Amino acid sequence: MQGPFTADVRPLFPNAAAATVLGRDAAKAAMKLSIDKVAEYLNLPPSTVERWVRQGRIPIQKTGESCSFDRTTLEKWAQQRGLFFGAPEEPSTCLPQSCHETLLAAMKRGGIVHHLRADSAAGALKAGVAHLPLLSTESRDILFERLLEREQLTSTGIGKGVAIPHPRSPLSGVDLPAMIATCFLESPLDFDAIDDRPVFVLFIILCPSLQQHLHLLSRLAFCLRNPEFEALLQSRPSAERLLAKVREIEKTLEGGGF
């Protein structure tokens, strides 16, 4: 006699080995992504992802004439480059102590600068670092060098005129809370961005831990996917208007438990 939780599954899976294989194959299939899905998760146009494939700038798996993307591999690849990777409704998870930090608080600490003058990407980074509060002269010099190293690895110009400069790892010996300096440039500059458009605004991120960096990057990416926020950036808003919009968007995240 069978109880309510002991239904006979033998007609579906003749043996345990077959069930294991089918389960493994299903899991592998679920991890494969199309170019359109990768573009959605990176918040990029499909044409950019296609160009990266041709240039060998993004990891792919080839099978004959077709190619696919492994989600786990891409998540690691994006993390190494400081890029947010995930569906718009999937803000990244973080450790409890990191999740208490808000994007609004980090942006208030970092400050908002208008009409930042520079004639090159390196000049913009140097000028932006100069506006970060609480850093010693030595720490500013180290941070500037680390930002340059990061740009040489891969541009932090994520497209649509936005760049998110950040060091590859937290600065040692700098005991400061997370901060994001928002710098609107006097004139747009070439940052070798992924869409080849000049950059007009920098979000320089400085965090005490990688986990906190990813948490704030996820929240910033969520804002940048908001059409109203994108239009607001184009207007070079006052600090009050920009922070008010960030506060509004973060409330929707907090309402969803993120």
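Any read-out appearing in this document is the output of simple, stated calculations on the displayed coordinates, not a laboratory observation. Note that the coordinates shown come from a computational prediction; the quantities given were computed from them, not determined experimentally. FYI the Cβ positions are ideal-geometry reconstructions off the backbone, even for glycines, and counts take in every protein chain you see.
Observations on the model:
- In nm, spacing of pseudo-spin labels at A122 and R140 (7 Å Cα→C-beta vector): 1.8 nm
- Added length on full extension, which subtracts the Cα-Cα distance from 0.36 nm per residue, A231 to R57: 59.7 nm
- Working note: Karplus 6.51/-1.76/1.60 with θ = phi - 60° gives the stretch 221-230 the couplings 4, 4, 5, 5, 7, 8, x, 5, 5, 4 Hz, where Gly and Pro are set to x.
- Packing-based exposure ordering (other Cβ within 10 Å, fewest first) of E230, E149: E149, E230
- By the beta-carbon count within 10 Å of each Cβ, the least crowded to most crowded order of V38, V199, V113, fewest first, is V113, V38, V199.
- The stretch 122-258 shape via C-alpha gyration tensor axes, a/c threshold 1.5: oblate
- Relative exposure of D119, D190, D175, judged by other C-beta atoms within 10 Å (fewest first): D175, D119, D190
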